[in-house]
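Right, one structure below, let's go through it.
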Amino acid sequence: MSHETMGWLLVLAAGGLEVLWPILMKQSQQCQGSGRAAWLGLMMATMCASFGLLSWAVGQRFRLPIGTAYAVWTGVGAAGAATVGIILFHEPRYAGRLFFLSLVIAGIIGLKITHKADAPPHTPANSVAAEEPAGKCG
């Protein structure tokens, strides 16, 4: 598996966690006391893991373009959370809502498909990370 493919799988996994944490938040609202705290703790851990996977995907090893990766990550999370809301929480299924949800999904697919065609070759010479030695930030 190529580094790029692995990076995109990390973005999709991070997007999946972006779908999960709102479910955990909704669940926490149905609890009180230590039960609520446990659900909120799990939600926070899920959020941190999502950020961590996205950071890994755009970092030194996989070097995905941040703009495209971030847009795909948020789109997967938003579209997934809306879909889960419709399926699990019986939220409205209005035609307009479904139409615009499909536009978000089409946008995610379009960004992923076209990111290579629009980007210059990603080499250390044009990488911000190449300007600084690894491990130093200042």
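The values are calculated or read from the model by the stated rules, or taken from the named source; none is laboratory data. Since the model is a prediction, treat every value here as computed from it, not as a measurement. Every residue, glycine as well, gets a Cβ built from its backbone with ideal geometry; the counts of neighbours run over all protein chains shown.
For the stretch 49-67, the tally of residues that are crowded, with 20+ Cβ neighbours inside 10 Å and closer than 17 Å to LEU111 by Cα stands at 4. Set side by side, the residues THR74, THR5 differ, and just one is surrounded by fewer than 18 Cβ atoms within 10 Å (Cβ to Cβ) and within 17 Å of ILE105 (Cβ to Cβ), which is THR74. If you scan the stretch 70-89, which residues turn out to be of a type in the set (Val, Ile, Thr) and within 14 Å of LEU24 (Cβ to Cβ)? VAL84 - this is the single residue of the stretch 70-89 that is of a type in the set (Val, Ile, Thr) and within 14 Å of LEU24 (Cβ to Cβ).
Of the numbered criteria (1) assigned to a helix (DSSP H, G or I); (2) closer than 26 Å to GLU91 by Cβ, the one CYS31 fails is (1). Within the stretch 29-73, being of a type in the set (S, T, N, Q) and farther than 30 Å from ILE113 by Cβ holds for GLN29, GLN30, GLN32, SER34.
Can you spot a residue in the stretch 115-122 that is under 15 Å from LEU12 (Cβ atoms), part of a helix (DSSP H, G or I) and at pLDDT below 95? For the stretch 115-122, residues under 15 Å from LEU12 (Cβ atoms), part of a helix (DSSP H, G or I) and at pLDDT below 95: present.
Of all the criteria given as (1) modelled with pLDDT of 95 or more; (2) out of contact with any helix residue (DSSP H, G or I) (no Cβ under 6 Å at 6 or more places or on another chain); (3) more than 13 Å from VAL11 (Cα to Cα), the one not satisfied by SER55 is (3).
GLU18 meets all of the listed conditions (1) at pLDDT 95 or above; (2) out of contact with any Leu (no Cβ under 8 Å at 6 or more places or on another chain); (3) surrounded by fewer than 20 Cβ atoms within 10 Å (Cβ to Cβ) but one, namely (3). Residue-level check: of (1) modelled with pLDDT of 95 or more; (2) surrounded by fewer than 18 Cβ atoms within 10 Å (Cβ to Cβ); (3) of a type in the set (Gly, Ala, Ser), SER34 misses just (1). Of the residues making up the stretch 43-92, those that are farther than 27 Å from MET1 by Cβ and among the aromatic types (Phe, Trp, Tyr) number 1.
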